[in-house]
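Below: the structure, in C-alpha cells.
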Amino acid sequence: MPKNLNVLFLAAEAEPFVKVGGLGDVASALPRALRNLPADVRGDSVLDVRLVLPHHGVVKADARPLAMFPLEREGRDVMVQVSETTLDGMPVYLLSGGPITSVGSVYSSNPAIDAEKYSFFSLAALELPRVLNWNVDVIHAHDWHTALAVYAMLLKRRAGESKGVASVLTLHNLPYMGADLTEILASYNLPVAQTDLPDWAHALPLPLGIFSADAVVTVSPTYAEEILTPEFGCGLEDFIHRRREVLRGIINGIDTRTFDPAADPAIPFQFTSENPAIREKNKTALQEKLNLPVDPVTPMIAMVGRMDVQKGVDLALNVLEKITDIPWQFVLLGTGDPALEEAARKLQMEYPGRVRAELRFDGALARHIYAAADMLLMPSRYEPCGLAQMIAMRYGCLPIVHATGGLKDTVTDEIGFVFKSATPRSLRTALVKALSVYPDRDRWRTLQQAAMRKDFSWAQPAREYFELYQTLLLKEK
Ligand code: GLC
C-alpha cells in the first residue's frame, strides 16, 4: 500500500505568482522538487505537496474560487476566500479576505500592517486542510510571515487537536522576526504562552515559531551553526541553543531547468560547459547593450540582487573605487537602500567607462549578466544561503564570496574565490587574486568548467527535507 505524505507549504511569496526575493524561488521550487522525487528516494510514499499564499493585490494568477470559510476575530467572523490554481500540476491556494485584500504589495513599509496581514493569513492557512477535507501530515512554514501558524498549531496540539501533524519552520533570514503580536494574539483569542524566550521576543512571530516547531531548518548548514553565536544569533542565540536538537541546516538548490545556460532564452548565445568560449559573445553583447567599451579581455565583475547592507554592496563599491592600476568593468543590477543606490551612481559617475549601475529589477538582464560577466561579487556580511552564487557558477561566472552561511557551503577555491572576513581588506585581496588569475586562460577555464559541472539542483536538498518529514512523522505516531 502506498503511503500518502501530505505537506502544506505556507509562504508569503512564490514564483511565478509573486516574487520579491530568494524566498520566492525556494517556496516555488522546493515543493515541486518534493513532488517529483524519484521512486528510488521516496520508496512507496506518494508526496502530495501543496502551496498556500496570500492573494496579494500584486499576485498574477488565473485562479478559480474554491471555498469560503470564517475566521473568528474579536468575536466576529471574518470571511476567508480560497481560490485555486496549479503550478506544474501542484495545487496552489490563494487566500484573500480581511487584511490581505486591502494591502496590494507583498511587504509594506509598516510593520503593524504586515503583522495584521500575515497573522490573518497564517491562521487562515492552518484551517485550510480542514476546509479542503485533506488530511495534512506536515505544516511547513517559511520565515516570520507564516511562523504564527506553527505556534497556533502547538496551541492546538496542547488542546488535544492536530494530532499526528508535524510542523517545520524554515529560516531564510533570522533578523527579520516580525512585529509584536500581543494585541493581535488577543484578538484571535490566543494566549501568549510561557516560553523561555527573552522578554523582547516573547510575542514576535519568528521566535514563537522557533519555540513551537518540531523542526527548525536554516537554508544552509553553516547558517545553522552561525545563529548559535552572538555575531549572527540576533540576541536569540542562547534560546536557539536550547532548541538545538530540533535545529538543522539544509542547503537550498536552484531550479536547474530554468537556470540552464544551454537553453535559457534570456541569453543571446547559449552554451554548455563543453564550449564556455561562447560566453565571450554574450559579454560583447552586454557591453554593447550597456554602452561599455567592447573588449573581451577586460575582466567584467558583476553584482546582482537586493541593494542591502546585508549584501556588502558598500564594501564592494569601496574596494573597486580604489583598484585603479588593473583594468576591470563593473556591472551592478538591483534595487534597494537609497543610500547604496546613490553610492553606486556616484561610482558610475567617477568611472563612466568602467561602471554601469542598473538600479532596477530585471530578471532577463540578470541572466544575461550571469552568462556574460567573468566574476560575481558576493561580499555579504551574512548570507543564510544565497542563490546568485549558484546561478552564476552554473553560467560559468566565478563567484568571489565571503565565507559565511550558504556562501561558505557552496563555494570553494576550486570553483571560485573565498575570503575570510567581510572587510574591505579581505575582499580586496580576493578580488585582486581573481583579477590576477583571470589572464591565465587555461587556469580560468578549469575553474569555470568545474563550477559549471557542480550539481546545485534540488535533488539532494529535497531528499533531505523528505527524510526529515519522515523522521518527524515517526515521532508523531
Ligand atoms: C533570504 C536569504 C538568502 C537565501 C534566501 C532563500 O533571502 O537572505 O540568503 O538564499 O532567503 O532561502
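The values are calculated or read from the model by the stated rules, or taken from the named source; none is laboratory data. Computed from a predicted structure; not experimentally measured. Because the Cβ atoms are built from the backbone with ideal geometry, glycine has one as well, and the counts that use them run over all protein chains shown. Ligands, DNA and RNA are excluded from the accessible area calculation, which covers all protein heavy atoms including side chains. Shrake-Rupley method; radii C 1.70, N 1.55, O 1.52, S 1.80 Å.
Take L206 and decide whether it is buried (at least 18 other Cβ atoms within 10 Å of the Cβ) and away from the ligand (no atom under 16 Å from the Cβ).
Here the answer is no, as L206 does not meet what is asked.
Within the bounds of segment 423-431, is there any residue that is open to solvent by 10 Å² or more (accessible area, probe 1.4 Å), within 14 Å of the ligand (Cβ to nearest atom), modelled with pLDDT of 95 or more and closer than 19 Å to L317 by Cβ?
no
For residues that are modelled with pLDDT of 95 or more and away from the ligand (no atom under 16 Å from the Cβ), tally how many sit in segment 161-183.
So the count comes out to 8.
Identify, from the list V313, V304, V309, V297, the residue that is of a type in the set (V, I, T) and open to solvent by less than 10 Å² (accessible area, probe 1.4 Å).
Sole residue among the options that is of a type in the set (V, I, T) and open to solvent by less than 10 Å² (accessible area, probe 1.4 Å): V313.
Here is a yes/no grid of residues against (1) of a type in the set (S, T, N, Q); (2) open to solvent by 90 Å² or more (accessible area, probe 1.4 Å); (3) at pLDDT 95 or above:
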{"position": "H55", "(1), (2), (3)": "no, no, yes"}
{"position": "P65", "(1), (2), (3)": "no, yes, yes"}
{"position": "M90", "(1), (2), (3)": "no, no, yes"}
{"position": "S102", "(1), (2), (3)": "yes, yes, no"}
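Among the residues in segment 262-276, are any open to solvent by less than 20 Å² (accessible area, probe 1.4 Å), within 16 Å of the ligand (Cβ to nearest atom) and modelled with pLDDT of 95 or more?
No, every residue in segment 262-276 fails to be open to solvent by less than 20 Å² (accessible area, probe 1.4 Å), within 16 Å of the ligand (Cβ to nearest atom) and modelled with pLDDT of 95 or more.
Scan segment 151-184 for residues that are of a type outside the set (G, A, S) and within 18 Å of L23 (Cα to Cα) and jot them down.
If the condition is that a residue be of a type outside the set (G, A, S) and within 18 Å of L23 (Cα to Cα), then V168, L169, T170, L171, H172, N173, L174, P175, Y176, M177 are the ones that fit.
Is it fair to say N291 is at pLDDT 95 or above, part of a loop (DSSP other than H, G, I, E, B) and within 17 Å of L169 (Cβ to Cβ)? Even if it seems obvious, please write down each step before you answer.
On the way: at pLDDT 95 or above: yes; part of a loop (DSSP other than H, G, I, E, B): yes; within 17 Å of L169 (Cβ to Cβ): no.
Taking the combined requirement at face value, the residue does not satisfy it.
Write out, first by first residue and then by second, each pair whose Cβ atoms fall under 6 Å of each other, whose residues are 6+ apart or on separate chains, and whose first residue, in segment 213-229, is over 9 Å from I251 (Cβ atoms) while the second is away from the ligand (no atom under 13 Å from the Cβ) and in a loop (DSSP other than H, G, I, E, B).
I227/G233
Given the conditions (1) surrounded by 18 or more Cβ atoms within 10 Å (Cβ to Cβ); (2) within 16 Å of the ligand (Cβ to nearest atom), report the number of the one that M153 does not fulfil.
(2)
Which strands (runs of 3 or more DSSP E) sit wholly inside segment 1-96 and have at least 1 residues that are in contact with a strand residue (DSSP E or B) (Cβ under 6 Å, 6 or more places away or on another chain), more than 16 Å from the ligand (Cβ to nearest atom) and without any contact (Cβ under 8 Å) to a residue 24 or more places away in the chain?
Result: 64-73, 76-87.
Quickly run through segment 316-331 and pick out the residues that are of a type in the set (S, T, N, Q) and either in a helix (DSSP H, G or I) or open to solvent by 10 Å² or more (accessible area, probe 1.4 Å) (or both).
Within segment 316-331, N318, T324 meet the criteria.
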